[in-house]
Amino acid sequence: RQRPADTGAELRQPQVLDSAGGRLQVELTAAAGVRLAGRDTQGLGFNGTAPGPTLRVHPGDELAVRLTNRLDEPTNLHTHGLRVSPEGNSDNPFLRVDPGTSFDYLYRIPEDHPAGTFWYHPHHHGMVADQIFGGLAGALLVAPAGADPDLAVVEDRVLLVTDTTLDGDGGLVEVSAMDRAMGRQGELVLVNGQHQPVIPAVPGGTQRWRVVNGCVSRVLSIRLDGHQLVRVAQDGTFLPAPVDADRVMLAPGNRADVIVRPTGTGRYPLIADAVDRGGMGAMMGGAAASSGPVTLATMVTAGAPVTAPPLPTALLAEAPAPGPVTGRRQITFQMGMGAGGMAFTIDGRAFDPKRDDQTIALGSTEEWTITNPGPLAHPFHLHVWPFTVLESSDATPPTGVPQDVVLVPARGWVRLRIPFTTYSGRSVYHCHILDHEDAGMMATVNVRP
């Protein structure tokens, strides 16, 4: 295996590409051959880096992306969490960009889009896990149209967490059928493509960390030694008020914005503790999917202390959509032995892009119960239309604000409220353990005017 060469280097921020005059026009080229953990590798990146550039736009902007595919297989682009049309050349998961070709995407960000942390990654069915494991991901920030709520931070950092496994020559290691069934977890856990970077801090100098779980399957249970993490946003939406937390749980695809208030001087590891995602029991020889603990980064605090300003008591949280529930559905994530090995289905069917699995009238607000009778936890992700978690079988307290990924406990369920009030069109919902999505645990939703 290839060992990291940059352990303990200072955390770098990806290049930021900012909108101007209501538009951000960028070229993203997906290709192999990037530096990961301080070494030249055959990993994948956008514009020669993994993660790719951070795209920063404002509500009301247009985001124009020319995606060029220099991989040896098809790809496409998903703007994860953005509330934009799923049709045409916008956030359309059914598009295919073949090797050697380019495609022009145009995303129109609505005027009332929440400011927050989102991300982009490939979404061509069957190849998503391999391409993200290779390094294809980047942050996508919606900056506020006016003033940010007064968080008074001295640093605003993206921490995009990914994992991968590289061989001694820097090639991507082939993943076994067992690892795909469990949901692969890479041996190298990276932040912004770096191994255990150092985050410099000054005592009292408040920082905002935008943590993105860009891992294929790994659930992150994050804590900062000697410090509380103050959660201010989840999945790109501000919470009603800052919440002190000993740890922050992020399923694959989730984001959390946390405020860090450094105290004292010293080295404080940012640790992702082991999370039990469940096991396969007798089905797969008793394999279990746990991870960690791993050190993601280390905050190193030094210098003369400064006085940390107080945090706001309230934040610009989005109110849950009004209106009565007009329909109820039950969706079941299932995995089990099929004729050709493991089968991954939703409601007993593997993904078929031509089939409409749920047909919904535009303007409806629905309540969905996502059930998971199996032994592994599955993160549920719905494109385009964010949901509010009402309740879950493991009694995890809901955030009370819209989000786009929620972990459905093994042998459990979650109940969601989903307003289909913004866009018509076809998109998908799926398990965000991307190996499971690629194997068929995805379905379509068609919202009709």
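Overview of values
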{"quantity": "Local net charge near R415, Cβ-Cβ under 12 Å (Lys/Arg +1, Asp/Glu -1)", "calculated": "0"}
{"quantity": "Full-stretch length increase - F94, A145 - with 0.36 nm per residue and alpha-carbon distance subtracted", "calculated": "15.3 nm"}
{"quantity": "Global form of the stretch 6-53, assessed from the alpha-carbon gyration tensor, a/c cut-off 1.5", "calculated": "oblate"}
{"quantity": "Per-residue [θ]222 nm for the chain (sum of -39500 (n - 2.57) over DSSP H runs n ≥ 4, rounded to 500)", "calculated": "-1000 deg cm²/dmol"}
{"quantity": "Using a Förster distance of 30 Å, the FRET efficiency for A274-T396 (Cβ separation, nearest 0.05)", "calculated": "0.95"}
{"quantity": "Beta bridges by DSSP in the chain, antiparallel share as percent, to the nearest 5", "calculated": "75 percent"}
{"quantity": "The stretch 1-111: C-alpha gyration tensor shape, a/c 1.5 cut-off, then a/b vs b/c", "calculated": "oblate"}
{"quantity": "Difference of contour (0.36 nm per residue) and Cα-Cα distance, R23 to R39", "calculated": "2.3 nm"}
{"quantity": "Neighbourhood charge, 10 Å Cβ-Cβ cut-off, centred on D167 and excluding it, Lys, Arg +1 and Asp, Glu -1", "calculated": "-1"}
{"quantity": "Extended-chain gain in nm, criterion 0.36 nm per residue less alpha-carbon gap, A5 and A31", "calculated": "7.2 nm"}
{"quantity": "Distance between modelled label sites at D244 and D72, nm, 7 Å Cα→Cβ extension", "calculated": "5.5 nm"}
{"quantity": "Charge sum, other residues only, whose C-beta stays under 10 Å from H80's C-beta, Lys/Arg counted +1 and Asp/Glu -1", "calculated": "-2"}
{"quantity": "Mean Cα-pair separation over length for the chain, i.e. relative contact order, pairs under 8 Å, 6 or more apart, %", "calculated": "15 percent"}
{"quantity": "Efficiency of FRET between R448 and V154 - r from beta-carbon atoms, R0 41 angstrom, step 0.05", "calculated": "0.25"}
{"quantity": "DSSP beta bridge pairing in the stretch 303-449, given as percent antiparallel to the nearest 5", "calculated": "75 percent"}
{"quantity": "Residue-by-residue Karplus 3J(HN,Hα) for the stretch 258-271, coefficients 6.51, -1.76, 1.60, Hz, glycine and proline x", "calculated": "10, 9, 10, 10, x, 10, x, 10, x, 10, 10, x, 9, 10"}
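Quick note: the coordinates plus some simple rules give every number you see, no bench work behind them. Quantities reported herein were computed from a predicted structural model and do not represent experimental measurements. Neighbour counts run over all protein chains shown; Cβ positions are idealised from the backbone, glycine included.
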